[in-house]
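Participant: One structure is given below, represented as structure tokens, and several questions about it will come after.
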Amino acid sequence: MYFSAKITETVSWIGINDRKSDSFENYIPLPKGVSYNSYFINDEKTCIIDAVEFGSEGNYFKKIRQNLNGRPLDYVVINHMEPDHGGALSDLITIYPEVTIIGNKKTLTMIKAFNHNFDESRFQEVVEGEILDLGYHKLTFAFMAMVHWPESMATYDITEKILFSNDAFGSFKSLDGGLFDDEVDIASFENEMRRYYSNIVGKYGVQVVNVIKKISTLDIQFICPSHGILWRTDIKKVINFFNNWGQFIPDEPGVVIVYGSMYGNTAKMAEALGTDLATYGVKNIKIFDASKTDSSFIISDIWKYQGLFIGSCSHNNALYPKIEPIIFKLQNYGLKNRYLGIFGNKLWSGGGVRGIQNFADASKGIEVIGTPVEAIGDPTFENYKELEELARLMAEKILNKKIEKLES
Ligand SMILES: Cc1cc2nc3c(=O)[nH]c(=O)nc-3n(C[C@H](O)[C@H](O)[C@H](O)COP(=O)(O)O)c2cc1C
Ligand SMILES: [Fe+2]
Ligand SMILES: [Fe+2]
């Protein structure tokens, strides 16, 4: 069945689950898929909120036809023009030539950038707080620049208290039947929600927190984002998640150890750190080989935990090529509120540890603990002692208590 799912009597989810695409924005893996949530409002005026990715439409147009039931399509609200939502717009316009596209001034510029032949007379510009009257439903608009693009906005249905939040409060992972937070195992979405946030929106934490402030005065019964689960029972939960992530507040005590190693020497150092941390009482420890695990998963766990060890062998006077993009992204996104331990390996003039140190120096909200440990080839007994001390200092920070050195 391709029937759409009801949110209220007159509002339906008509989105699409994409289980086929390998990656999002053509670089972030989608092992659990993603949904493009689109909504249909059945009123005196018919209205769609956001479209879906081009090429993944599936039954999308059938669902629209079914909901319209012979009536014309009056409006499509474009909260955000990124192709995962705006992709199907051209086809929508072709199939429904009478439709009016709703967006803000910047949306129009974006639409024209994607479609230079766009007929502007089809476009109706709205300003923040303006009301679009569908009959029973009164929609209004809250701009949320940079969550995720400059033109991004949320649409609020004043009548049924639904916040169509677009990329804000979104998640990777397709909807496997259940739509709402109370119909699914939320825990199964948490990691994919954080991976979505930290990799897609993570640079715009300040803007996310501002959006949360902006909507705090609204009576919200439903949060309907453009990806992932819809919220109606534990709305505070999703707001808390995004509020914390936006401020770089970690979810749990724990440490990520990520390393890049060609011959296994830096890897040995990472293993030692893991064992030492556990000995000192840290429970959540995640060790990642940056050559093996896609960086989006590593970055997600860096958002989750407060402790971070980065290790790199040296490569042409610089960082190892699989560590470099992770560091670049952390710096670009302005990672804060983290403790960082540095380790690495070299044979001659180095470059790995230096590269991590440069990142630390350039990142204001990151506190480097202890002294970087740089081994030359196979780590020595002395190197292992230095790593043990780094682990002890990290454990003190993470567990927030004084920890004595182990006798050995
Ligand atoms: C392509 C290549 C470039 C390297 N560049 C450097 C370098 O610029 N400086 C340095 O000290 N060592 C350099 N090395 C040596 C490695 O960093 C060194 O062997 C290190 O111990 C490897 O650590 P691993 O066992 O964790 O891979 C290079 C090695 C390779 C293969
Ligand atoms: Fe987006
Ligand atoms: Fe999106």
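The values are calculated or read from the model by the stated rules, or taken from the named source; none is laboratory data. Nothing here was measured: the structure is a model prediction, and the numbers come from that model. For neighbour counting, all protein chains shown are included, and Cβ atoms are generated from backbone atoms with ideal geometry for every residue, glycine included.
Participant: Taking the condition surrounded by fewer than 24 Cβ atoms within 10 Å (Cβ to Cβ) and either within 23 Å of Leu92 (Cα to Cα) or away from ligand 2 (no atom under 16 Å from the Cβ) (or both), does Phe164 pass?
Facilitator: Values: surrounded by fewer than 24 Cβ atoms within 10 Å (Cβ to Cβ): no; either within 23 Å of Leu92 (Cα to Cα) or away from ligand 2 (no atom under 16 Å from the Cβ) (or both): yes.
The answer is no for Phe164.
Participant: Could you please let me know if Ser261 is assigned by TED's automatic domain parsing to the domain that holds Glu386 and either surrounded by fewer than 16 Cβ atoms within 10 Å (Cβ to Cβ) or out of contact with any Cys (no Cβ under 7 Å at 6 or more places or on another chain) (or both)?
Facilitator: Values: assigned by TED's automatic domain parsing to the domain that holds Glu386: yes; either surrounded by fewer than 16 Cβ atoms within 10 Å (Cβ to Cβ) or out of contact with any Cys (no Cβ under 7 Å at 6 or more places or on another chain) (or both): no.
No: the conditions fail for Ser261.
Participant: May I pose another question? Given the condition touching a Leu at 6+ places or on another chain (Cβ under 6 Å) and modelled with pLDDT of 95 or more, answer yes or no: does some residue in the range 224-240 qualify?
Facilitator: So far as the range 224-240 goes, yes, one or more of its residues are touching a Leu at 6+ places or on another chain (Cβ under 6 Å) and modelled with pLDDT of 95 or more.
Participant: Output the residues belonging to the range 273-297 that are in a strand (DSSP E or B), in contact with a Lys or Arg (Cβ under 9 Å, 6 or more places away or on another chain) and within 16 Å of ligand 1 (Cβ to nearest atom). Can you show your working first?
Facilitator: Pass one, the range 273-297, residues in a strand (DSSP E or B): 285-289.
Filter once more, keeping what is in contact with a Lys or Arg (Cβ under 9 Å, 6 or more places away or on another chain): 286, 289.
Passing the criteria: only Asp289.
Participant: Taking the range 24-63 as the search range and keeping residues that are part of a helix (DSSP H, G or I) and touching a strand residue (DSSP E or B) at 6+ places or on another chain (Cβ under 8 Å), which one is nearest to Gly228 (Cα to Cα)? Steps first, please.
Facilitator: Within the range 24-63, the first condition is being part of a helix (DSSP H, G or I), and the residues that meet it are 60-63.
Of the ones still in play, those that are also touching a strand residue (DSSP E or B) at 6+ places or on another chain (Cβ under 8 Å) are 60, 63.
Working: Tyr60: 16, Lys63: 19 Å.
Once the filter is applied, the top-ranked residue is Tyr60.
Participant: Out of Phe118, Phe180, report the one residue that is more than 12 Å from ligand 2 (Cβ to nearest atom), under 27 Å from the mean Cα position of the chain (by Cα) and in the same structural domain as Val209 (by TED's automatic domain parsing). Let's see the steps before the verdict.
Facilitator: On the way: Phe118 fails: under 27 Å from the mean Cα position of the chain (by Cα).
Just one listed residue meets the conditions, Phe180.
Participant: Moving on to the next point. Give the residues of the range 335-367 that are more than 16 Å from ligand 1 (Cβ to nearest atom) and surrounded by 16 or more Cβ atoms within 10 Å (Cβ to Cβ), sorted by residue number. Step through it out loud before you land on a result.
Facilitator: Step one: list which residues in the range 335-367 are more than 16 Å from ligand 1 (Cβ to nearest atom), which gives 335-341, 359-367.
Correct list: Leu335, Arg338, Tyr339, Leu340, Gly341, Phe359, Ala360, Ser363, Ile366.
Participant: Also, quick follow-up: Any idea which residue in the range 196-221 is farthest from ligand 1 (Cβ to nearest atom), counting only those that are charged (D, E, K, R) and over 17 Å from Phe328 (Cα atoms)? Outline the logic, then answer.
Facilitator: In the first step, residues of the range 196-221 are kept if they are charged (D, E, K, R); the result is 203, 213-214, 219.
Subset that is over 17 Å from Phe328 (Cα atoms): 213-214, 219.
Numbers: Lys213: 46, Lys214: 47, Asp219: 56 Å.
Ranking the candidates gives Asp219 first.
Participant: Could you list, in sequence order, all residues of the range 130-155 that are farther than 17 Å from His85 by Cα and in contact with a helix residue (DSSP H, G or I) (Cβ under 8 Å, 6 or more places away or on another chain)?
Facilitator: The answer is Ala142, and nothing else.
Participant: Please work out if Thr275 is more than 19 Å from Thr380 (Cβ to Cβ) and surrounded by fewer than 20 Cβ atoms within 10 Å (Cβ to Cβ). So that I can check it myself, show each step before the final result.
Facilitator: Working: more than 19 Å from Thr380 (Cβ to Cβ): no; surrounded by fewer than 20 Cβ atoms within 10 Å (Cβ to Cβ): yes.
No.
Participant: Might you check whether a residue that is free of Cβ contacts under 8 Å to residues at least 40 places away in the same chain and away from ligand 1 (no atom under 16 Å from the Cβ) occurs anywhere in the range 147-154?
Facilitator: No, every residue in the range 147-154 fails to be free of Cβ contacts under 8 Å to residues at least 40 places away in the same chain and away from ligand 1 (no atom under 16 Å from the Cβ).
Residues checked against (1) in a helix (DSSP H, G or I); (2) of a type in the set (Val, Ile, Thr):
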{"residue": "Met262", "(1), (2)": "no, no"}
{"residue": "Glu271", "(1), (2)": "yes, no"}
{"residue": "Ile302", "(1), (2)": "yes, yes"}
{"residue": "Ile326", "(1), (2)": "yes, yes"}
{"residue": "Trp348", "(1), (2)": "no, no"}
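Participant: Moving on. Can you report the number of residues in the range 359-402 which are of a type in the set (Asp, Glu) and assigned to a helix (DSSP H, G or I)? Show your work before the answer.
Facilitator: Just the residues of the range 359-402 that are of a type in the set (Asp, Glu), to begin with: 361, 367, 374, 378, 382, 386, 388-389, 396.
Keeping just the survivors that are assigned to a helix (DSSP H, G or I) gives 361, 382, 386, 388-389, 396.
Residues that pass the stated criteria total 6.
Participant: Just give me the residues in the range 166-195 being outside any loop (DSSP other than H, G, I, E, B) and more than 20 Å from Lys329 (Cα to Cα), in sequence order. If you could, list the steps in order and put the result at the bottom.
Facilitator: Keep residues of the range 166-195 that are outside any loop (DSSP other than H, G, I, E, B), which gives 166, 180-183, 187-195.
Asn166, Phe180, Asp181, Asp182, Glu183, Ala187, Ser188, Phe189, Glu190, listed by residue number.
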